[in-house]
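The structure appears below as structure tokens.
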Amino acid sequence: MKKRMIALAVSMGFVATLTAADDSALREKAKSAGLLPIPAGVPEVTGNPVTREKIDLGLMLFMDPRLSASGVISCNTCHNLGMGGDDNLPTSVGHGWQTGPRNSPTVLNAVFNAAQFWDGRAEDLKEQAKGPVQAGVEMANKPENVVVTLKSMPEYVERFTKAFPNEPDPVTFDNMAKAIEAFEVTLVTPGSPFDDWIEGNDAAMMDEQKQGLDLYIEKGCSACHSGVNFGGQDYFPFGLITKPGADILPPGDKGRFEVTKTVSDEYVFRAGPLRNIALTAPYFHSGAVWDLGAAVALMGTAQLGTKISDEEAAQIVAFLHALTGEQPKIEYPILPVETDDTPRPDLSALPVAN
């Protein structure tokens, strides 16, 4: 009996060693594929030192609908921090109930992207912050009106002065964008099961998620979706092998071609980051696919030229769920009070109820 117990203990220890060895091998495979954890600390951004004063101001601006012409739409409207950093709509609803042309990307971990927007037309977060404020189908405002609005409220003037000291005129459209960038830099989601696992905790991911990770690498997903953000680093044709139908790849949206005017960039888009992907349906720039398993299968045929079975898709999806990290804990700010000089909301484009 004693010998049997010893044999069983040895056997169990051998299995544990094998499991640890398998994890170690898969971990090295993942690292070789360029799959990285979210680094500790606040990321640095070029030309905009991040300070507490800028972060606090940026939070207010991110939440303030008065940056829009209607006084209804804020950055958080389309990048809702309680919903994975996007709005969970196929395309966002903006000024006058207009719908935008593309799905709203998540703002979470966006600091790790090489460029912003699906076509990469903004090189960084401060440049991106200016776009929606001015876009007619989004916030529909003008830089000069934004500045007038901000200067009309003494608390904003005081906060801009503290955030941008030694500037003769700190309340500017550029500084608005810099403050929003400083806040968005803090919107990272560390501590996902994958992050814990890649850093050495074998128990952080379930077996099915590890199998999904292995498939993710073997099928070729990591060729486009790698790095800290599992994407967001480079541009690829949508339909590299087989073009999807017009419902998923609208023919009128030629992607990066609109930025570069280069024919080879037609229907080329930035590889979507996959961090927190389980929270951000629907998927793709068109927002046409709501099911993550269906999105994985479509990527197999369109980008990799391979059929991904339902079982394989389920395993890859299980792994993708392991990319959901700790969500930012945001306390909604009390915004500055408007004055008699604050421009009034422009509601002329909103529908009138009968």
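The values are calculated or read from the model by the stated rules, or taken from the named source; none is laboratory data. Note that this is a predicted model, so its numbers are computed, not measured. Virtual Cβ from ideal backbone geometry, glycine too; neighbours counted across all protein chains shown. Surface accessibility is based on the protein's heavy atoms, side chains included, excluding ligands, DNA and RNA. Shrake-Rupley method; radii C 1.70, N 1.55, O 1.52, S 1.80 Å.
Just one of the numbered conditions (1) touching a residue at least 60 places away in the same chain (Cβ under 8 Å); (2) open to solvent by 20 Å² or more (accessible area, probe 1.4 Å); (3) within 30 Å of Pro65 (Cα to Cα); (4) within 20 Å of the chain's Cα centre (by Cα) is not true of Lys329; which one?
It is condition (1) that Lys329 fails.
Return the only residue of Leu335, Leu323, Leu298 being part of a helix (DSSP H, G or I) and either open to solvent by less than 60 Å² (accessible area, probe 1.4 Å) or more than 27 Å from Asn109 (Cα to Cα) (or both). Spell out how you get there, then give the answer.
Details: Leu335 fails: part of a helix (DSSP H, G or I); Leu323 fails: part of a helix (DSSP H, G or I).
Checking each option against the conditions leaves just Leu298.
Looking at region 131-145, which of its residues are farther than 11 Å from Ser68 by Cβ and either open to solvent by less than 40 Å² (accessible area, probe 1.4 Å) or polar (S, T, N, Q) (or both)?
Selection gives Gly131, Pro143.
Hey, can you tell me all the residues within region 42-84 that are at pLDDT below 95 and among the hydrophobic types (A, V, I, L, M, F, W, C)?
Selection gives Val42, Val45.
Scan region 268-276 and give yes if some residue there is among the aliphatic types (A, V, I, L, M), surrounded by 16 or more Cβ atoms within 10 Å (Cβ to Cβ), at pLDDT 95 or above and under 17 Å from the mean Cα position of the chain (by Cα), otherwise no. Show your work before the answer.
Just the residues of region 268-276 that are among the aliphatic types (A, V, I, L, M), to begin with: 268, 271, 274.
Adding the requirement that they be surrounded by 16 or more Cβ atoms within 10 Å (Cβ to Cβ) leaves 268, 271, 274.
Within this subset, residues satisfying the condition of being at pLDDT 95 or above are 268, 271, 274.
Of the ones still in play, those that are also under 17 Å from the mean Cα position of the chain (by Cα) are 271, 274.
Yes, because at least one residue in region 268-276 is among the aliphatic types (A, V, I, L, M), surrounded by 16 or more Cβ atoms within 10 Å (Cβ to Cβ), at pLDDT 95 or above and under 17 Å from the mean Cα position of the chain (by Cα).
I'm trying to understand the selection: among the residues of region 251-284, which are in a loop (DSSP other than H, G, I, E, B), under 12 Å from Tyr235 (Cβ atoms) and touching a residue at least 12 places away in the same chain (Cβ under 8 Å)?
Looking only at region 251-284, we keep the residues that are in a loop (DSSP other than H, G, I, E, B), and these are 251-254, 256, 261-262, 266-267, 271-276, 280-282, 284.
Next, from what is left, pick out any that are under 12 Å from Tyr235 (Cβ atoms): 256, 262, 266-267, 271-272.
Hits for region 251-284 are Arg256, Glu266, Tyr267, Ala271, Gly272.
What do you reckon, is Leu187 surrounded by fewer than 23 Cβ atoms within 10 Å (Cβ to Cβ), within 14 Å of the chain's Cα centre (by Cα) and either free of Cβ contacts under 8 Å to residues at least 12 places away in the same chain or closer than 17 Å to His79 by Cα (or both)? Give the steps one after another, and end with the answer.
Values: surrounded by fewer than 23 Cβ atoms within 10 Å (Cβ to Cβ): yes; within 14 Å of the chain's Cα centre (by Cα): yes; either free of Cβ contacts under 8 Å to residues at least 12 places away in the same chain or closer than 17 Å to His79 by Cα (or both): yes.
Yes.
Looking only at region 152-167, which residues are under 28 Å from the mean Cα position of the chain (by Cα) and of a type in the set (A, V, I, L, M, F, W, C)?
Hits for region 152-167 are Phe160, Ala163, Phe164.
Yes or no, residue by residue, for (1) under 23 Å from Pro282 (Cα atoms); (2) touching a residue at least 12 places away in the same chain (Cβ under 8 Å); (3) of a type in the set (Gly, Ala, Ser):
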position	(1), (2), (3)
Gly100	yes, yes, yes
Phe112	yes, yes, no
Phe117	yes, yes, no
Gln128	yes, yes, no
Pro132	yes, yes, no
Val147	no, yes, no
Tyr156	no, yes, no
Arg159	no, yes, no
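Which one is nearest to Pro154 (Cα to Cα), of the residues in region 295-354 that are hydrophobic (A, V, I, L, M, F, W, C) and modelled with pLDDT under 95?
The first filter runs over region 295-354 and keeps only residues hydrophobic (A, V, I, L, M, F, W, C), leaving 295-299, 302, 304, 308, 313-314, 316-320, 322-323, 330, 334-335, 337, 347, 349-350, 352-353.
Next, from what is left, pick out any that are modelled with pLDDT under 95: 347, 349-350, 352-353.
Values: Leu347: 25, Ala349: 29, Leu350: 29, Val352: 34, Ala353: 36 Å.
My answer is Leu347.
Please go through region 134-148 and pick out each residue that is in contact with a Ser or Thr (Cβ under 6 Å, 6 or more places away or on another chain) and either at pLDDT below 95 or of a type in the set (S, T, N, Q) (or both).
Step one: list which residues in region 134-148 are in contact with a Ser or Thr (Cβ under 6 Å, 6 or more places away or on another chain), which gives 139, 141.
Correct list: Asn141 only.
Considering only residues that are surrounded by fewer than 20 Cβ atoms within 10 Å (Cβ to Cβ) and under 18 Å from Pro65 (Cβ atoms), which ones fall in region 150-177?
Residues satisfying the conditions are Lys151, Ser152, Glu155, Phe173.
Hey, can you tell me all the residues within region 34-89 that are in a helix (DSSP H, G or I), without any contact (Cβ under 8 Å) to a residue 60 or more places away in the chain and surrounded by fewer than 19 Cβ atoms within 10 Å (Cβ to Cβ)?
Residues of region 34-89 that are in a helix (DSSP H, G or I), as a first pass: 52-63, 65-67, 75-78.
From the residues that got through so far, the ones that are without any contact (Cβ under 8 Å) to a residue 60 or more places away in the chain too are 52, 65, 76-77.
The answer is Arg52, Pro65.
Considering only residues that are out of contact with any strand residue (DSSP E or B) (no Cβ under 7 Å at 6 or more places or on another chain), among the aliphatic types (A, V, I, L, M) and under 20 Å from Ala122 (Cβ atoms), which ones fall in region 250-278?
Val259
Among (1) touching a His at 6+ places or on another chain (Cβ under 9 Å); (2) surrounded by fewer than 19 Cβ atoms within 10 Å (Cβ to Cβ), there is one condition Glu208 misses while meeting the rest; what is its number?
The failed condition is (1).
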